[in-house]
1. Just the residues that are open to solvent by 40 Å² or more (accessible area, probe 1.4 Å) and either polar (S, T, N, Q) or over 24 Å from Trp16 (Cα atoms) (or both), please, taken from region 41-62.
2. If only one of Leu44, Leu90 is farther than 12 Å from Asn112 by Cα and in contact with a Pro (Cβ under 7 Å, 6 or more places away or on another chain), which one is it?
3. For region 25-54, give me the residue count where each residue is within 24 Å of His67 (Cα to Cα) and either touching a residue at least 60 places away in the same chain (Cβ under 8 Å) or assigned to a strand (DSSP E or B) (or both).
Amino acid sequence: MSAGRWIACASRTSTWQDAFDGIWACASLLHVPAAELPDAMQRLCRALKPGGVIYASFKYGSGEREHHGRRFTDLDEPGLSALLRRVPGLAEAETWTTADLRPGREAERWLNRLPAARRRRDKQV
C-alpha cells in the first residue's frame, strides 16, 4: 500500500465529491440506523473518484439492536445486497465472512464487502 491521505469524518456530514480512491468503513457503518444507511452510503459513493472502492464491515445478522448502550445495524448478504441496490453508482463486489479475532468473541461473525467498485460516472449521482 502506498502512502496516501487519511481523513476521519462522519458520513452524515460529508460533502466531498470525487475526492478519494478508497474509503475504509471498518465496523463503523454498523452504528448508522438502517433507515439512514442508504443516504450514508450515497454520500460515501459521491466522495469516491470514478473507479474507487469502499470497504465496509457489519456484524453478521439482520435487524437493528442495542447492546450495552450502543446501537447496531446487523446485515447478512441479502440485507447488504438490498442496501446496495438503493445506492446508485455502486456495483456488487466481493463479499466474505470472517470470525471475530478478539478473545472470547470467536463465535461472532462479520460480513465484509468491497461494496462495490465504483461504476464509471456516466451521469451525476
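1. Tyr60, Ser62
2. The match here is Leu90.
3. Final tally of qualifying residues: 3.
The values are calculated or read from the model by the stated rules, or taken from the named source; none is laboratory data. Predicted model only: the values in this text are computed from it and were never measured. We place every Cβ from the backbone using ideal geometry, glycine too, and count neighbours over all the protein chains shown. Note: areas computed on protein heavy atoms with side chains; ligands, DNA, RNA excluded. Shrake-Rupley method; radii C 1.70, N 1.55, O 1.52, S 1.80 Å.
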